[in-house]
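Q: Below is one structure. I have some questions about it.
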Amino acid sequence: MAVPTVKLSSGYDMPMVGLGTFDLKPDSTAAAAVSASLQAGYRHFDTAWIYNTEATVGNTLNQKIRDGDVTREELFVTTKLFMTCADRVAEAARESLDDLGLTYIDLYLIHWPMAMTVTGDVRGSIGQPVAEIMKQLKPSDRDYVDTWRDMEKLVDEGLVRSIGVSNFNVQQLSRLLNTPGLRYRPVCNQIEIHPYHTNGELVECCHRTGVVPVSFSTLGRGGNYSDSRGTMTLLQDPVLTSLATKYDKTAAQVILRWCIQMNVAVIPKSSNPDRIRQNMQLFDFQLSGPDMAAISALNQNRRVWDISLWKDFPNFPDSPSTSI
């Protein structure tokens, strides 16, 4: 079954389900995950400069193109501008294109609204505790609106087809959308969405303004995560496991379907071929209205990503939002 797509404000179609590649080792693990995803029908692949998986994703996709398994036109590749690159957008985009081995990026995102300077090899630090990575990052006063204007130039040059943002709150998205002289609107906002953090105000804001919400950490980072409130066991939540039994699906499939029915695109990450296939098997069932509401009622406004270490940085995204 073909994966449903959503029409972006740029005019391009984006598959509603993609493979996330954060935390996949940039070696045979990531390559195998991409290959298994292609076999399962995925055509949307999400990576980022900071993930250090661009080269592996690109090499695997290009090999499949050469083998005749897929065409470039069928693929939709997303990558992201890291905050240490906010003042060198063109250089960073070309570096990502070189790593991916592509002539254009389908979707290029500002990864975070905060800009930063770096004192070490932050990309080489992936896998270390966040606090250790944070020691290398210092705040910058670079305005994301100025970064956006440089992103627009990438579209003009044909290096990028669509541009968007990630981790922007309502206030930041509103400011960007209302920037005088805006030539290209952000087509999407990639944000943390799952039943324990439904992010309802921001999702509604995206829909109202024609910005596609894309969910990351949709399954709560695998379902088990400990924070100051204890251990989060999203995939073992009794409401979700009960619904999984009712629909003869997994709890993960129920969560992903919940997102899809809210018109939220999903990019679940997995290196397990069986789960990769399952994460695509979302279009042969539909959750009822009451079941959708029951999932949404699980909200605890509880992130799996603790970003409080950045709370003193300019444009920290958890500042109070405003209506748009």
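Q: For region 13-310, what is the percent of antiparallel DSSP beta bridges, rounded to the nearest 5?
A: 25 percent
Q: Could you tell me which label, among (i) 38; (ii) 24; (iii) 41, carries the value of percent of Cα pairs over 32 Å apart calculated for this structure?
A: Recomputing percent of Cα pairs over 32 Å apart here picks out (ii).
Q: Okay, next question. Starting with the fewest neighbours, write out ASP143, ASP27 ranked by other beta-carbon atoms found within 10 Å of each beta-carbon.
A: If I rank by nearby Cβ atoms, fewest first, I get ASP27, ASP143.
Q: For each of HIS207, HIS197, count neighbouring Cβ atoms within 10 Å of the residue's Cβ, then give the residues from fewest to most.
A: Ranked by crowding around the Cβ, least crowded first: HIS207, HIS197.
Q: If you rank PHE285, PHE82 by fewest surrounding Cβ atoms within 10 Å, what's the result?
A: By the 10 Å Cβ count, ascending, the order reads PHE285, PHE82.
Q: Here are some pairs, LYS80/LYS135; LYS7/LYS311; LYS25/LYS138; which of them have Cα atoms lying more than 32 Å apart in this structure?
A: Checking Cα-Cα distances, LYS7/LYS311 exceed 32 Å.
Q: In whole Hz, what ³J(HN,Hα) sequence does region 97-107 give by Karplus (6.51, -1.76, 1.60; θ = phi - 60°), x for Gly and Pro?
A: 4, 4, 5, 6, x, 10, 9, 8, 9, 5, 9
No value in this document is a laboratory result; all are computed from the given coordinates. Please read these numbers as outputs of a predicted model, since none were measured by experiment. Every residue, glycine among them, receives a Cβ derived from its backbone with ideal geometry; neighbour counts consider all protein chains shown.
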